[in-house]
Amino acid sequence: MKNYKIAAVNGDGIGNEIVPAGMELLQAVAQKHGFTITSDTYHFGAEHYQKHGCFLPEDGLETMKKYDAIYFGAVGLPEVDDTLPFKLFTNYIRTQFKQYVNLRPVHLWDGIASPLANKGKEDIDFVIIRENNEGEFVQSGRQMYPDSPEGFATDTSMFTRAGTTRVAHYAFKLAQKRRKHLTNVTKSNTLINSLAYWDRIIEEVAKEYPDVEYRKMYVDNASASFVLHPEYFDVILTTNMIGDILSDLGGAIMGSLGLGGSGNINPEGDFPSMFEPIHGSAPDIAGQNIANPIGQFWSAALMLEHLGENKAAADLMKAVHKMTASGLKTKDLGGDSSTQEMTKATIAALNA
Ligand code: NAI
Ligand code: MG
């Protein structure tokens with residue numbers, strides 16, 4: 001029987017509730033589909049930092065390398081300097097494991113209406129491909145004399161030909177498997193060096209995919225279009241920061257930030273890929289059994305797809321749709337169902 005080794009990294013806040021919930025669902029899916037999952041749980045994150053002075057131990061990367069994939073919640077706590085979680089954990093893993101594709105699909109769940117009036121399932125169905133290793137988030141900069149009148153701060157973006165080319169190929173290939181439409185969301189009319197170079201490289205790659213309709217759109221217009229014309233989009237290819245911001249907007253038009261799943265993918269398979277919901281650790285609602293687990297469940301389906309278990313992934317998605325269609329809603333969706341209730345109902349739908 002096929003076995004997959006999964007590193008479960010709860011992280012902080014609601015991660016401690018929704019990652020175990022997702023693992024429970026994954027085990028049920030594995031049992032139904034004739035494979036096994038062995039997992040170990042790692043308590044890396046801001047709480048680990050409070051106790052040990054680091055987000056993950058020195059051999060943390062070596063430890064995680066041995067797994068087929070990483071199933072992650074989110075990191076960050078109000079008591080810990082919030083410039084650290086991305087630098088010392090999320091971005092560290094994403095770059096060290098060359099997870100240069102951040103895949104963030106957006107669609108509606110059965111029974112959960114979009115807050116956009118008159119927009120339904122046929123209108124909201126697209127995938128954001130966010131460049132995940134460079135761009136605005138390389139954290140190359142400094143603060144000088146921050147308390148003085150001459151204080152200043154810089155953050156330099158970095159766009160490389162190799163980094164832009166590889167993520168562009170991934171996005172165009174994905175578009176070929178979908179509705180063959182790709183939108184490059186950019187801001188090259190103002191960032192006339194970095195993003196003009198990004199556009200130029202993407203346009204070169206576009207020529208290799210003549211069957212994919214290519215379009216460029218500025219992020220200000222794209223933000224408005226998410227709300228007014230979400231049906232414009234099939235595959236969106238965008239930069240690290242623009243993708244980060246637009247994917248929360250994607251969560252919002254689905255009905256809640258708690259509904260979005262994502263994959264940090266190393267397409268070559270040289271390193272494990274990491275699957276996590278699009279939101280953060282939500283400390284404001286942690287420990288209350290009210291976190292919406294759907295984004296974490298979707299991330300499990302993306303992980304199964306990545307592992308080649310496409311049928312199991314589709315079945316997992318179907319079970320979540322059945323659960324949402326039955327009317328269960330956590331507080332963020334205007335209901336009063338608990339994390340546990342949603343998890344149990346999804347497993348029941350899977351086995352029905
Ligand atoms: P957040 O996404 O954690 O929360 C924003 C709002 O959405 C909150 O009101 C929260 O209660 C709600 N929310 C988020 N997920 C939900 C869910 N599954 N169910 C119900 N409601 C949900 O973003 P925020 O507040 O900006 O950041 C909190 C912490 O998370 C910070 O320390 C931040 O650095 C960290 N963070 C970590 C990320 C990661 O590990 N990949 C990503 C984003 C933020
Ligand atoms: Mg984000």
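The values are calculated or read from the model by the stated rules, or taken from the named source; none is laboratory data. Since the structure is predicted, the reported quantities are computational estimates derived from the model, not experimental observations. Every residue, glycine as well, gets a Cβ built from its backbone with ideal geometry; the counts of neighbours run over all protein chains shown. These accessible areas exclude ligands, DNA and RNA; they are computed on the full protein's heavy atoms, side chains included. Shrake-Rupley method; radii C 1.70, N 1.55, O 1.52, S 1.80 Å.
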| request: May I ask you to say which residue of 90, 63, 83 is assigned by TED's automatic domain parsing to the domain that holds residue 3 and farther than 25 Å from residue 138 by Cβ? | output: 63
| Selection count where residues are farther than 29 Å from residue 285 by Cβ and assigned to a helix (DSSP H, G or I), scope the stretch 215-259 | 9
| message | Being within 17 Å of residue 102 (Cβ to Cβ), within 16 Å of ligand 2 (Cβ to nearest atom) and not β-branched (Val, Ile, Thr) is the filter here; which residues of the stretch 227-253 pass it? | response | 240, 241, 243, 244, 246, 247, 248, 249, 250, 251
| Could you list, in sequence order, the residues of the stretch 238-260 that are open to solvent by less than 10 Å² (accessible area, probe 1.4 Å), touching a Lys or Arg at 6+ places or on another chain (Cβ under 8 Å) and within 12 Å of ligand 1 (Cβ to nearest atom)? | 247, 260
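Between 344, 329, 318, which is on the phi < 0 side of the Ramachandran plot, assigned by TED's automatic domain parsing to the domain that holds residue 91 and either open to solvent by less than 50 Å² (accessible area, probe 1.4 Å) or touching a Ser or Thr at 6+ places or on another chain (Cβ under 9 Å) (or both)? It would help to see each step written out before you state the result.
Working: 344 fails: either open to solvent by less than 50 Å² (accessible area, probe 1.4 Å) or touching a Ser or Thr at 6+ places or on another chain (Cβ under 9 Å) (or both); 318 fails: either open to solvent by less than 50 Å² (accessible area, probe 1.4 Å) or touching a Ser or Thr at 6+ places or on another chain (Cβ under 9 Å) (or both).
Matching residue, one of 344, 329, 318: 329.
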| said: Quick test of your reading of the structure: residue 240 fulfils all but one of (1) under 18 Å from the mean Cα position of the chain (by Cα); (2) within 23 Å of residue 125 (Cβ to Cβ). Name the failing condition by number. | reply: (2)
| request: Kindly provide the set of residues from the stretch 15-44 that are over 20 Å from residue 347 (Cα atoms) and either β-branched (Val, Ile, Thr) or not assigned by TED's automatic domain parsing to the domain that holds residue 298 (or both), ordered by number. | output: 41
| said: Condition first: within 30 Å of residue 323 (Cβ to Cβ), among the small types (Gly, Ala, Ser) and buried (at least 17 other Cβ atoms within 10 Å of the Cβ). Now tell me which residues in the stretch 106-163 satisfy that. | reply: 114
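Restrict the check to the stretch 79-90 and report whether at least one residue is of a type in the set (Ser, Thr, Tyr), within 23 Å of residue 298 (Cα to Cα) and near ligand 1 (Cβ under 9 Å from one of its atoms). Step through it out loud before you land on a result.
Filtering the stretch 79-90 down to residues of a type in the set (Ser, Thr, Tyr) leaves 83, 90.
Checking which are within 23 Å of residue 298 (Cα to Cα) leaves us with 90.
Going one step further and asking which of them are near ligand 1 (Cβ under 9 Å from one of its atoms), we end up with 90.
Yes, the stretch 79-90 has at least one match.
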| Out of (1) outside the structural domain of residue 82 (by TED's automatic domain parsing); (2) within 15 Å of ligand 1 (Cβ to nearest atom); (3) open to solvent by 10 Å² or more (accessible area, probe 1.4 Å), what's the single condition that is false for residue 285? | (1)
| field | Subset of the stretch 124-142 [within 16 Å of the chain's Cα centre (by Cα), in a strand (DSSP E or B) and within 29 Å of residue 179 (Cα to Cα)] | value | 125, 126, 127, 128, 129, 130, 131
